[in-house]
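Asker: I have a structure I would like to understand better, so I am pasting it below and will then ask my questions one at a time.
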Amino acid sequence: MNNISLYLPNRLQGREALLLAADIGGTKTSLGTFKVKGTVITLLNEQTFPSSGYLSFDDILDEYLQGYVDSPPNILSIGVAGPVVDHAVKLTNLSWNIDARLIQQNRGWDKVCLLNDLEATAYGLAGVAEDDVATIYSGVQQDGNIAVLAPGTGLGEAGLFWDGAFYRPFATEGGHSEFAPRTELDIELFRYLRKSSRLISWEHLISGAGIYSIYSFLRDVKGYKEPAWLSEKLRADDPAAVVSHTAMRELNDACVKAMQLFVSYMAREATSLVLKLKATGGLFLGGGIPPKIYPLLRNELFREQFVQSDRMERLLQDVPIHLILKSRTALIGAAYYGAFGEDI
């Protein structure tokens, strides 16, 4: 993996600062305090909270800051799962609204930053070590734009634009673009999902909820059997985790087929993202799901589906594919942006 050198406009020029970074997702919210000195950031403390257990981000912030009496952080940088517009966001999978200017006004922080969580992940690539990333396919290492695809509670997508000297991360909301059925089975699945949703996006399939939707389709429409032990586990635990774990142990045909379809859909949307960004610099797979299904991504299915693109196969065959193993990459990226990014 090539070293990713980001364009970071601000430098602290030897001065020290204490920064609080947040990574807000539909399932969990992580907060971490970082010491910033020059161009180096060091994580001092981290806590994780269940997002749905709180009415607002302010409630989590208050709880976290109770531990700081004398010297609280003076910079706040928040990565959020949602479209940030004019320093504010309504989160996609939570009923929260966050306004960076309002937080700064009410709490008196020196600096408050708000960025999309996948943009934060892209920034975080500058802070990951070699052993934090697994290479699925080495490809041809070259400078060029980079694509980031991250399925978890939802589906996040981002890019890093190569300007000839530095990478410049940017957010997208590509996960909400419409699903494109290719096969007869895809069309059947599309019709099944249309019963509960007017529009079917890639996030409906390439996410935790998507895994269970695909499995349910195979069970309810295609006649795959669900044994009693599996029914019990699906009721008791997270259905997506049950399906994926059962598939990797090859204990149930429906689960195996569901994860084959999930991996295929993930590869096909990765192809679209890479082509739209002309991401010859590589594809990075992040989010909560890919590290948990690493064995399924290492086999040939993902890359076979990824390179299927008619006249663009030659370009796609050279694209390196990496898996982000470090769960706090977005948190580190939010810290990078807070320390070195533009002021609001």
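Asker: Restricting attention to region 246-271, report how many residues are more than 21 Å from S309 (Cβ to Cβ), part of a helix (DSSP H, G or I) and hydrophobic (A, V, I, L, M, F, W, C).
Answerer: Let us first name the residues in region 246-271 that are more than 21 Å from S309 (Cβ to Cβ), namely 246-259.
So of that shortlist, the ones also part of a helix (DSSP H, G or I) come out as 246-248, 253-259.
Applying the additional criterion that residues be hydrophobic (A, V, I, L, M, F, W, C) yields 247-248, 254-256, 258-259.
Selection size over region 246-271: 7.
Asker: Scan region 226-265 for residues that are buried (at least 17 other Cβ atoms within 10 Å of the Cβ), among the polar types (S, T, N, Q) and within 26 Å of the chain's Cα centre (by Cα) and jot them down.
Answerer: S244, T246, S264
Asker: Considering (1) touching a residue at least 40 places away in the same chain (Cβ under 8 Å); (2) closer than 24 Å to E173 by Cβ, say which one V89 fails and leave the rest.
Answerer: V89 satisfies all of (1) touching a residue at least 40 places away in the same chain (Cβ under 8 Å); (2) closer than 24 Å to E173 by Cβ except (1).
Asker: So A150 clears everything in (1) within 22 Å of the chain's Cα centre (by Cα); (2) surrounded by fewer than 23 Cβ atoms within 10 Å (Cβ to Cβ) except one condition, right? Which one?
Answerer: (2)
Asker: Out of curiosity, is N299 out of contact with any strand residue (DSSP E or B) (no Cβ under 8 Å at 6 or more places or on another chain), free of Cβ contacts under 8 Å to residues at least 12 places away in the same chain, outside the structural domain of D23 (by TED's automatic domain parsing) and over 23 Å from Q142 (Cβ atoms)?
Answerer: Values: out of contact with any strand residue (DSSP E or B) (no Cβ under 8 Å at 6 or more places or on another chain): yes; free of Cβ contacts under 8 Å to residues at least 12 places away in the same chain: yes; outside the structural domain of D23 (by TED's automatic domain parsing): yes; over 23 Å from Q142 (Cβ atoms): yes.
For N299, the condition - out of contact with any strand residue (DSSP E or B) (no Cβ under 8 Å at 6 or more places or on another chain), free of Cβ contacts under 8 Å to residues at least 12 places away in the same chain, outside the structural domain of D23 (by TED's automatic domain parsing) and over 23 Å from Q142 (Cβ atoms) - is met.
Asker: Which members of region 150-191 meet the condition of being in a loop (DSSP other than H, G, I, E, B) and not polar (S, T, N, Q)? Outline the logic, then answer.
Answerer: To start, the set of residues in region 150-191 that are in a loop (DSSP other than H, G, I, E, B) comprises 152-154, 163-166, 172-173, 177, 179-183.
Answer for region 150-191, where residues must be in a loop (DSSP other than H, G, I, E, B) and not polar (S, T, N, Q): G152, G154, D163, G164, A165, F166, E173, F179, A180, P181, R182.
Okay, residues lined up against (1) among the aromatic types (F, W, Y); (2) in contact (Cβ under 8 Å) with a residue 60 or more places away in the chain; (3) surrounded by fewer than 16 Cβ atoms within 10 Å (Cβ to Cβ):
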site	(1), (2), (3)
W96	yes, yes, no
Q105	no, no, yes
A122	no, yes, no
E130	no, yes, yes
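Asker: Now for a separate question. Could you say which residue among S196, S138 is touching a residue at least 24 places away in the same chain (Cβ under 8 Å) and not aliphatic (A, V, I, L, M)?
Answerer: Numbers: S196 fails: touching a residue at least 24 places away in the same chain (Cβ under 8 Å).
Residue meeting the stated conditions: S138.
Asker: Can you tell me which residue in region 302-336 is surrounded by the fewest Cβ atoms within 10 Å (Cβ to Cβ), limited to those that are outside the structural domain of Q104 (by TED's automatic domain parsing) and aromatic (F, W, Y)?
Answerer: The extreme case among them is F302.
Asker: Listed residues I60, I78; which is touching a Phe, Trp or Tyr at 6+ places or on another chain (Cβ under 8 Å), touching a residue at least 60 places away in the same chain (Cβ under 8 Å) and either buried (at least 17 other Cβ atoms within 10 Å of the Cβ) or among the β-branched types (V, I, T) (or both)? It would help to see each step written out before you state the result.
Answerer: On the way: I60 fails: touching a residue at least 60 places away in the same chain (Cβ under 8 Å).
Sole residue among the options that is touching a Phe, Trp or Tyr at 6+ places or on another chain (Cβ under 8 Å), touching a residue at least 60 places away in the same chain (Cβ under 8 Å) and either buried (at least 17 other Cβ atoms within 10 Å of the Cβ) or among the β-branched types (V, I, T) (or both): I78.
Asker: What tally of residues in region 31-43 results from selecting those that are in contact (Cβ under 8 Å) with a residue 12 or more places away in the chain and either out of contact with any helix residue (DSSP H, G or I) (no Cβ under 6 Å at 6 or more places or on another chain) or not in a strand (DSSP E or B) (or both)?
Answerer: Just the residues of region 31-43 that are in contact (Cβ under 8 Å) with a residue 12 or more places away in the chain, to begin with: 31-39, 41, 43.
Checking which are either out of contact with any helix residue (DSSP H, G or I) (no Cβ under 6 Å at 6 or more places or on another chain) or not in a strand (DSSP E or B) (or both) leaves us with 33, 35, 37-39, 43.
Here the count works out to 6.
Asker: Also, I was wondering about something else. Name every residue in region 272-296 that is in a loop (DSSP other than H, G, I, E, B) and either closer than 19 Å to V140 by Cβ or of a type outside the set (G, A, S) (or both), in order of residue number.
Answerer: In the first step, residues of region 272-296 are kept if they are in a loop (DSSP other than H, G, I, E, B); the result is 278-281, 286-289.
Matches in region 272-296: K278, A279, T280, G281, I289.
Asker: Considering each residue of region 217-245, count those that are assigned to a helix (DSSP H, G or I) and touching a residue at least 24 places away in the same chain (Cβ under 8 Å), and give that number. Even if it seems obvious, please write down each step before you answer.
Answerer: The first filter runs over region 217-245 and keeps only residues assigned to a helix (DSSP H, G or I), leaving 217-220, 228-236, 239-245.
Subsequent filtering for residues that are touching a residue at least 24 places away in the same chain (Cβ under 8 Å) retains 217-220, 230, 239-241, 243-244.
Result for region 217-245: 10.
The values are calculated or read from the model by the stated rules, or taken from the named source; none is laboratory data. Predicted model, so just to flag it, every value in this text is computed and none were measured. Note that we place each Cβ from the backbone using ideal geometry, even for glycine, and neighbour counts take in every protein chain shown.
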